[in-house]
1. So which lysines can K168 reach, going by Cα to Cα under 22 Å and dropping same-chain residues fewer than 8 places off?
2. May I ask for the net charge around R92, where only other residues with Cβ less than 13 Å from the Cβ of R92 are counted and Lys, Arg are +1 while Asp, Glu are -1?
3. For segment 75-145, what is Rg from Cα atoms divided by 2.2 N^0.38 Å, rounded to two decimals?
4. log₁₀ I(q)/I(0) of segment 1-151 at q = 0.11, 0.18 Å⁻¹, via Debye over equal Cα point scatterers, no solvent, to two decimals?
5. Which loop trypsin sites (Lys or Arg not before Pro) in segment 53-102, with loop taken from DSSP, have no more than 15 other Cβ atoms within 10 angstrom of their Cβ?
6. Where in segment 79-183 are there chymotrypsin sites (Phe, Trp or Tyr not before Pro) that are in a DSSP coil and have at most 15 other Cβ atoms within 10 angstrom of their Cβ?
7. In straight Cα distance, which lysines are under 29 Å from K55, not counting same-chain residues fewer than 8 positions off?
Amino acid sequence: MARVLAWAILPFLAALVWAGIITALLILWLATGTPHYKQDAAPIVYISDVGAKYKTLFIVGTATTSALYVGTLLADFILRSLGYLPERRQRRETIDAVLSILFGFLAAACLTLLAIFDAFNYSSIHWGLTLGFIFSLACSAGFKVAELRRLRKDHWGIRALWRSFRIKLVLVTFAIALTIAMIVLMLICTNDESHPDQCDPQHSAAAVCEWVAAYVTAAYFLSLVADFRVGGYPRAAALEEVRVGPWGQRDSNITLETRERQYY
């Protein structure tokens with residue numbers, strides 16, 4: 001149990017570092033009088049603009065978060081394979097887990113690179129990497145949710161899986177909705193030379209969506225802690241599983257060994 005819980009430090013630190021770096025950038029922007037870093041910037045600036053101003057801080061924060069997130073996915077995969085967490089019983093669960101890791105690696109690479117190729121000096125590359133990060137992280141989280149959905153059906157005696165699935169589903173859905181809103185708000189209006197501030201309301205709203213989505217991402221990282229709190233596959237939960245069954249039928253005489261023979 002303690003061995004498994006020790007790995008929960010990875011997603012906890014990922015959430016802490018990511019929330020910390022976003023909060024630090026926000027405080028720095030507010031403390032310096034909410035400056036406009038670009039001539040056509042809206043009153044509320046994007047994270048990318050503040051990150052470009054404080055580039056070293058942004059790079060350190062994104063690189064650390066990336067490493068911790070990938071480490072979390074790998075630890076989860078290995079611990080499930082070794083049976084310390086509710087194990088995967090279907091091939092589709094393994095596929096979901098592998099895809100979540102692969103997209104997690106891609107998201108981590110994009111996140112680190114978008115901080116290096118900042119919004120001021122490499123605008124096109126930066127926003128391309130930003131879209132790559134958003135898409136990859138959404139896919140990684142989506143496959144993690146799909147994996148948990150199947151795991152909870154295989155391990156219906158472990159209620160923590162059901163809670164983890166629901167929390168992640170809500171967070172991922174909310175983050176995707178915010179991201180879509182941000183992209184739409186960015187695209188529906190374009191400044192021109194004669195009216196450089198005509199899109200300020202839309203771009204400010206898009207920036208707000210980005211800041212909120214960043215904190216929702218931190219909440220998603222934190223939700224990964226719950227997956228390690230299961231601490232293995234307790235026999236009490238397994239016994240409840242086999243006695244109740246997936247459709248609510250109860251048989252107090254059935255044993256764990258009997259159910260395992262039936263399953264396999």
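1. Correct list for K168: K144, K153.
2. Residues near R92 contribute +2 overall.
3. The reported ratio for this selection is 1.38.
4. -0.50, -1.03
5. Sparse-neighbourhood loop trypsin sites (Lys or Arg not before Pro): R89.
6. When the chymotrypsin sites (Phe, Trp or Tyr not before Pro) of segment 79-183 are filtered for loop state and at most 15 Cβ neighbours within 10 Å, F120 remain.
7. Within the straight-line cut-off, K55 pairs with K38.
No lab work stands behind these numbers, since they all come straight from the coordinates. Nothing here was measured: the structure is a model prediction, and the numbers come from that model. All Cβ positions, glycine included, derive from the backbone under ideal geometry; neighbour counts span all protein chains shown.
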